[in-house]
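Asker: Structure below; questions to follow.
The values are calculated or read from the model by the stated rules, or taken from the named source; none is laboratory data. This structure is a prediction, so every number in the text was calculated from the model and none was measured. Virtual Cβ from ideal backbone geometry, glycine too; neighbours counted across all protein chains shown.
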Amino acid sequence: MKMILLGVRNLLRNKARLFFVAVLIGIPFFLLLVMQSIGTAVQEQTQILKKNVDNTLQLHARGAMGHVNMVGNEDLLPQGALDRIRRIAHVAKVEPYLLAMTPTESTNFAMIIGVNPGDTLRLESHGEAGNPKIIAGRALTEADRGQKVGLIGQRYAKFLGITADNLAQANVTIDLKRAHPVIFPIDRPAATIKIVGIYASGYVFGDMQLFIPQDTFRDIYGISNGAISWIFLKADSADHLPQVEREVRAAVGDVADVIAPTSAAEFQNTTTNGVVRLSKGGIVLSAILMVIVVFFVMLLIVRERSWEIGTFKALGASNGGIVLGFLAEAVALSAVGALMGLLLFSAWGGQAAQKIFGIGVAPFLPAQYKDTLLSTLSLAPDISAAMLGLLAGVCIVAAFAGSAWSILQIIKLSPLEAIRHE
């Protein structure tokens, strides 16, 4: 115990060096925490998607995508389908949607989606993975039913020149008479939608959408009550999903296609695993940097104190006791560096994570997530118990690995060699 206390006290023998070394060790620790936070944020996003997907089925009219103005895909689910599905046992939630398309430029288009306030804001062609984050303004509320208001995706907003600064004056005009190679015109008057919020979905095409209240959608497009583009239903448990699927198919017959969504698994395969591999690689490189710093510092310390080590040995101190003292110093040094890294992470971790994600991680993502995923992630510094445990473990590993060579020199050093060296 005395040698451990002596090792810890030895940190203060050179305060300038202690500060310098703490900074050198703290920077890799800071990078380790940043990479860990990026990996954790993406994994959390995946878990959110899974929670919304695992017990969910999607229905649309057989052989059609259910877009009210898309050439050859304008068939909707018939009236009564929604009521029949709601009566099925073990169905916890039913969410109906109406979809239309509007031209933007050249051959591109945006999606107009009628949704009931409070239902999931799903992404067209990626609907099961909908989990957009409001980045300006607000979401749709019950008070918005029947009102000409909308929540717009950040990519569509950028195309229209809508920003958080001009959101209060932002409007979108839906011109139903405009044609497109895959969109047929509808002879109904244009409608002006007041934009109340901007969202980010993490998915490029998912950000080219405008959500409006479903009652408003029916009024604008002239869709009768009961007709639906999509129905998403959620079973009360994954165990009941097969039974629910069988009963749904029996209830709707041949008029609907029933789909079990898979986009959460696709997101995990294409994005989560890639980011986690990169973050783990960053953690390993950070740990290697710490080991290198500890190695050179401990090597310097052992050389400086060779006479002192020889004296301890001459006075009868065991190799084990001397090594224990130096290991205690190495662990304490790593702990001070970890504390420095923790303080840096608390102050600038969120900003650094966003920069590193944008520069170092985003280029490796699939194209559909590259430009938009960052907006949906929560990259604020999170000092959890698990993270503190990780820091403690890395401290010990870096101290032992970085001190290994120096420990070998201590064991081999004899009192006479130490005195002769001096």
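Asker: Any residue in the stretch 77-96 that is surrounded by 14 or more Cβ atoms within 10 Å (Cβ to Cβ) sitting within a Cβ distance under 7 Å of a residue that is basic (Lys, Arg)? List the pairs, counting only those 6 or more apart or interchain.
Answerer: Lys93/Lys234; Val94/Arg86
Asker: Hey, another quick one. Can you list the helices (runs of 4 or more DSSP H) lying wholly within the stretch 282-388 that have 2 or more residues being modelled with pLDDT of 75 or more and either β-branched (Val, Ile, Thr) or crowded, with 18+ Cβ neighbours inside 10 Å (or both)?
Answerer: Where helices (runs of 4 or more DSSP H) fall fully within the stretch 282-388 and carry at least 2 residues being modelled with pLDDT of 75 or more and either β-branched (Val, Ile, Thr) or crowded, with 18+ Cβ neighbours inside 10 Å (or both), they are 319-356.
Asker: Look at the stretch 223-238 and say how many of its residues are at pLDDT below 85 and of a type outside the set (Gly, Ala, Ser).
Answerer: 2
Asker: Oh, and also: For Ile113, indicate whether it is part of a helix (DSSP H, G or I) and at negative phi.
Answerer: no
Asker: For the stretch 197-245, give me each residue that is assigned to a loop (DSSP other than H, G, I, E, B) and over 27 Å from the mean Cα position of the chain (by Cα). Give the steps one after another, and end with the answer.
Answerer: If we filter the stretch 197-245 for residues that are assigned to a loop (DSSP other than H, G, I, E, B), which is where we start, we get 201-204, 208, 222-227, 229, 236-237.
Within the stretch 197-245, Gly222, Ile223, Ser224, Asn225, Gly226, Ala227, Ser229 meet the criteria.
Asker: Then there's this: For the stretch 62-73, which residues satisfy the criterion of being in a loop (DSSP other than H, G, I, E, B) and buried (at least 18 other Cβ atoms within 10 Å of the Cβ)?
Answerer: First, pick out the residues of the stretch 62-73 that are in a loop (DSSP other than H, G, I, E, B): 62-66, 68-69, 71-73.
Answer for the stretch 62-73, where residues must be in a loop (DSSP other than H, G, I, E, B) and buried (at least 18 other Cβ atoms within 10 Å of the Cβ): Met65, Gly66, Val68, Asn69, Asn73.
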